[in-house]
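Chemist: I am attaching a structure below and will ask some questions about it afterwards.
The values are calculated or read from the model by the stated rules, or taken from the named source; none is laboratory data. Predicted model, so just to flag it, every value in this text is computed and none were measured. Every residue, glycine as well, gets a Cβ built from its backbone with ideal geometry; the counts of neighbours run over all protein chains shown.
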Amino acid sequence: MTGASGAQYGLRLLECLLRAGHRVYLLLSRPAQIVVNMETEHRLPGRASEIQAYFTQLYAAQPDQLQVFEREQWTAPIASGSAVADATVVCPCTTGTLSAIACGSSRNLIERAADVTLKERKKLILVVRETPFSEIHLENMLKLARMGVIIMPANPGFYNRPQSVEQLVDFMVARVLDHLGLAHELMPRWGEPT
């Protein structure tokens, strides 16, 4: 999770993955922690081990199902291609992180994890949260899309007639889960009865 507005997307995705029994490596930028505290009822502690304990308890995860890393914990498995994750999702993704990934700068563990995902030809999904997009943002998205990255601007649909913010969030999280190939029941499929 990076510091773009839309922390609810990342938190709901984390909840869905953990409740479905998936192993999750979680990285939060410093701005992401601030945004979570501003946009939600959560008050995250400062250290990775404390954040791990907080979310493990909150979402009733199994021991060791969730692992939270420090921003510059270069010994984390996701920093190496020999231990790459099945997929990486940056949700929400700032345009600054988008730029860093497009340029391969790897200044922190989030950027390094994305870089490893690209070089190992694994699935990378970026839930970009910005509007409007500048030409620089669009060029970075096009560059990454040509490399096979899935660019998913946080644009919830309204055809299911959402009645709450939670349903708007679930729409986007459902799309991310779809692209990860993971089953869910967050919303009906297009054409299915609601």
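Chemist: I need the helices (runs of 4 or more DSSP H) fully contained in the range 1-107, keeping only those with at least 1 residues that are within 19 Å of Leu126 (Cβ to Cβ), in contact with an Asp or Glu (Cβ under 9 Å, 6 or more places away or on another chain) and among the β-branched types (Val, Ile, Thr).
Modeler: Answer list for the range 1-107: 95-103.
Chemist: Report yes if some residue within the range 25-48 is closer than 17 Å to Ala183 by Cα and in contact with a strand residue (DSSP E or B) (Cβ under 9 Å, 6 or more places away or on another chain); otherwise report no.
Modeler: no
Chemist: May I ask you to say which residue of Val90, Val116, Val84 is surrounded by 21 or more Cβ atoms within 10 Å (Cβ to Cβ) and over 17 Å from Ser29 (Cα atoms)?
Modeler: Answer to the check: Val116.
Chemist: Does the range 175-185 contain any residue that is assigned to a loop (DSSP other than H, G, I, E, B), small (Gly, Ala, Ser), surrounded by 19 or more Cβ atoms within 10 Å (Cβ to Cβ) and out of contact with any His (no Cβ under 7 Å at 6 or more places or on another chain)?
Modeler: no
Chemist: A further question follows. Among the numbered criteria (1) free of Cβ contacts under 8 Å to residues at least 12 places away in the same chain; (2) surrounded by fewer than 15 Cβ atoms within 10 Å (Cβ to Cβ), which single criterion is violated by Arg121?
Modeler: (1) is the only condition that Arg121 fails.
Chemist: Could you grab me the full set of residues in the range 59-78 that are touching a residue at least 40 places away in the same chain (Cβ under 8 Å) and surrounded by 12 or more Cβ atoms within 10 Å (Cβ to Cβ)?
Modeler: Matches in the range 59-78: Tyr59, Ala61, Gln65, Leu66, Gln67, Val68, Phe69, Arg71, Ala76, Pro77, Ile78.
Chemist: Here is a further query. Taking the range 16-38 as the region of interest, how many residues are within 24 Å of Asn108 (Cα to Cα), surrounded by fewer than 21 Cβ atoms within 10 Å (Cβ to Cβ) and not hydrophobic (A, V, I, L, M, F, W, C)?
Modeler: Here the count works out to 6.
Chemist: Confirm whether Gly148 is assigned to a loop (DSSP other than H, G, I, E, B) and at pLDDT 95 or above.
Modeler: For Gly148, the condition - assigned to a loop (DSSP other than H, G, I, E, B) and at pLDDT 95 or above - is met.
Chemist: Does Asp64 fit the bill of being acidic (Asp, Glu) and closer than 29 Å to Leu142 by Cβ?
Modeler: So Asp64 does not fit the description; no.
Chemist: From the residues in the range 108-143 that are assigned to a helix (DSSP H, G or I) and basic (Lys, Arg), which one is nearest to the chain's Cα centre (by Cα)?
Modeler: Ranking the qualifying residues of the range 108-143, first place goes to Arg112.
Chemist: Now for a separate question. Arg129 - would you say it is touching a helix residue (DSSP H, G or I) at 6+ places or on another chain (Cβ under 9 Å), among the basic types (Lys, Arg) and either more than 18 Å from Arg19 (Cβ to Cβ) or surrounded by fewer than 17 Cβ atoms within 10 Å (Cβ to Cβ) (or both)?
Modeler: For Arg129, the condition - touching a helix residue (DSSP H, G or I) at 6+ places or on another chain (Cβ under 9 Å), among the basic types (Lys, Arg) and either more than 18 Å from Arg19 (Cβ to Cβ) or surrounded by fewer than 17 Cβ atoms within 10 Å (Cβ to Cβ) (or both) - is met.
Chemist: Which one of Ala53, Ala4 is among the aliphatic types (A, V, I, L, M) and free of Cβ contacts under 8 Å to residues at least 40 places away in the same chain?
Modeler: Only one candidate qualifies: Ala53.
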